[in-house]
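This report concerns only the one structure given below.
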Amino acid sequence: MTNALKSAMAGVAIIALVSPAMAQDDAKLIVNGEIELVTRTEAPAHLEGALREIRSGWTFRTAETQALQMDDFENPGMIFVDQAIDAFSTVDGTEGKSCSSCHESVEAFSGLFAQMPKVVDGKVVVLEDFINGHRATAMGAEPWKWSGIEMQSMVALIALQSRGMPMNVKIDGEAAPFWEQGKEMYYTRYGQLELSCANCHEDNYDNYIRADHLSQGQINGFPAYRLKQATLISRHNRFRGCIRDTRGETFAEGSDEFKALELYVASRGNGLSVEGPSVRN
Amino acid sequence: MTFTRREMLVLGLSAAGAALLPLRAVAAVEDNIAAFTGGAAVGEGGITLTAPEIAENGNTVPISVSAPGAVSIMILASGNPNPAVGTFNFGALMPKQEASTRIRLAGTQNLIAVAKMADGSFVQTSREVKVTIGGCGG
Amino acid sequence: MADAKPRVRVPKTASAGETITIKTLISHPMESGQRKDGDGNVIPRQIINRFTAEFNGELVIDVTMEPAISTNPYFEFDAVVPETGEFVFTWYDDNGEVYTAASPITVS
């Protein structure tokens, strides 16, 4: 056997080994047999061709993981939504109020998550800010830890109210400078490994890093129930994880930098359905 | 430094002991099976174990097991620090002796299911589950 | 533990002798006893070690659980419903606490 033939065969064998999980890439995400979520769509114009098609993180997972999100009972993230429903009507803080004292029902939040983050009074506001802000001023209650389960359960409950709606984050007007800041961060190389978000999630999505199937890094599915931590993970927690994986010093959850990054990254998914809470690895 | 013969023996046995670790895991699985069967012979057939070929994350692996006519089914994970996973005991109100759950697997390994049948006999099956190490965030 | 919250999915009605599928979930960390904290100390084991389902007092399934069962333990199994009655689900924690959930079902 000639050397050329041998290396060609080896090449084919390697490619075959590398694509085990392609079979479910055409699968549709239909929840409870009725709610169809958009997991693949045309990339928003502002990406200027950097991506042709945008894809939810759901499309990169194995069939077993995908199945967990297709039924609200199978979805382990929903136990935390249940807890948030209870918390919504639980009195907390010096004012003797619960969320429901002012917000009659959580359904009133329909559409909010699809637009988050937004700019209010010249600052980027993310959902955790709204929640803690209300707890402080209206309820006189202690702030919840950003990535603690009370906070993320509530974020998941509110995300659920927009489930199925297309992400629609505003990037112009007041939001423009923050969007630019987030975009610059996205393309900046961080850490000892000198990796930018784009290096993996734009240049190499769908490839494998070790045995991990790289996604586009979209955040329409957050908070995500990660099988690894068996709990709900926030967007900022994931940003921290990614930067830490480049062996760099990361920004803090709730920092201005991460809020700008969240605004930019959320806008990369404009058009994908809100999935919260999703199930990921 | 000179060792006494006793010291040499101890040193030698410790080295051998380290090499015995994989055997220790096998022994643990065999102990679990022996405790379940009371030492009876274990046959094959009539029991199905369903698990993904590649588990996306070892922390939460969906599995199901079925053995028509079984009284109970024991699951073992041969590569876990402690192989015991759980035992399903079926009551009369179950039309199928079948159940699903989610388990933790420490690494690529053989998952084993042993069923005790209504007539007192035992059958077993096993399945390899690959557990991957992720790249970033995995 | 205060926030071990059970969720069960049982149909509300069935015909006599019909087979139904039951799904159960409970939020619980299932601390295996294998993990160490930041200071290197082993985090003590605390798991749910047993789950049972009964119908009108008769045992449907009894599961012995070890630390290898995932966090937020999930079980799915079928049951035959002979008559109107109630399913009772019980989870037993290592620390002695017992969590329960009940689901009535009407047979038409």
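The values are calculated or read from the model by the stated rules, or taken from the named source; none is laboratory data. Bear in mind that the values here come from a model prediction, so they are computed numbers and not experimental data. When we count neighbours, we look across all protein chains shown, and the Cβ atoms used for this are built from the backbone with ideal geometry, even at glycine. Heavy atoms of the whole protein, side chains included, go into the accessibility calculation; ligands, DNA and RNA do not. Shrake-Rupley method; radii C 1.70, N 1.55, O 1.52, S 1.80 Å.
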Which of the residues in the stretch B:49-92 lose at least 50 Å² of accessible area when you go from the chain alone to all protein chains together (probe 1.4 Å)?
-> B:56, B:57, B:59, B:60, B:85, B:89
Expressed as a whole-number percentage, the relative contact order of chain C with C-alpha contacts under 8 angstrom and at least six residues apart is 33 percent
Share, in percent, of DSSP beta bridges within the stretch A:140-281 that are antiparallel, nearest 5 = 65 percent
Non-local residues with an amide H under 5 Å from the amide H of residue A:279, with H modelled 1.01 Å from N and Pro and chain starts lacking one, are A:225
Check each residue of the stretch C:1-29 and keep those whose accessible area, probe 1.4 Å, is at least 50 Å² smaller with all protein chains in place than in the chain alone; give them in order of residue number.
-> C:5, C:7, C:9, C:25
For the pair A and C, how large is the buried accessible area, both sides, in square angstrom to the nearest 100, if the probe is 1.4 Å?
-> 1200 Å²
Cross-link partners among lysines for residue B:116, C-alpha distance below 25 Å, same-chain residues fewer than 8 apart left out?
-> B:96, C:23
Got a number for carbon plus sulfur as a percent of the stretch C:13-96's accessible area, 1.4 Å probe?
-> 43 percent
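Calculated from DSSP H runs of 4 or more alone, at -39500 (n - 2.57) each and per residue, what is the 222 nm mean residue ellipticity of the protein assembly as shown, nearest 500?
So the helix-based figure for the protein assembly as shown works out to -7500 deg cm²/dmol.
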For residue C:5, which aspartates and glutamates qualify as cross-link partners when the Cα separation must be under 12 Å and same-chain residues fewer than eight apart are set aside?
-> A:82, A:86
Any idea how many Lys pairs in chain A come in under 15 angstrom at the alpha carbon, given 8 or more places apart or on separate chains?
-> 7
So what's the angle, to the nearest 10 degrees on a 0 to 90 scale, between helix A:149-160 and the longest Cα principal axis of chain A?
-> 80 degrees
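Just to be sure I understand: if you take the accessible area of chain B alone plus chain A alone and subtract the pair, with a 1.4 Å probe, what total do you get in Å², rounded to 100? Provide the component values of the computation, followed by the final result.
Details: alone 8860 and 14070 Å², together 21350 Å².
Counting protein atoms only, the buried area is about 1600 Å².
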For the pair B and C, the solvent-accessible area buried on both sides (1.4 Å probe; DNA, RNA and ligands excluded), in Å² to the nearest hundred, is 2200 Å²
Tell me, what ³J(HN,Hα) does each residue in the stretch A:173-188 have, in order and in whole Hz, if you take phi through Karplus 6.51 cos²θ - 1.76 cosθ + 1.60 with θ = phi - 60° and put x for Gly and Pro?
-> x, 4, 6, 3, x, 6, 4, 5, 5, x, 5, 4, 4, 4, 9, 8
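So which GluC sites (Glu not before Pro) in the stretch A:44-115 end up in coil per DSSP with only 14 or fewer other C-beta atoms within 10 Å?
Of the GluC sites (Glu not before Pro), the ones in loops of the stretch A:44-115 whose Cβ has at most 14 other Cβ atoms within 10 Å are A:48, A:95, A:104.
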Expected vector for the stretch A:122-135, Karplus 3J(HN,Hα) from phi with 6.51, -1.76, 1.60 and θ = phi - 60°, integer Hz, x for Gly and Pro, equals x, 10, 6, 10, 10, 4, 4, 5, 4, 5, 5, x, 5, 4
In Å², what does the accessible area per residue of the protein assembly as shown work out to with a 1.4 Å probe?
-> 46 Å²
For the Cα atoms of chain A, what angle does the longest principal axis make with the long axis of helix A:77-88, in degrees from 0 to 90, nearest 10?
-> 10 degrees
Accessible-area composition of chain A, carbon plus sulfur, in percent [1.4 Å probe] | 53 percent
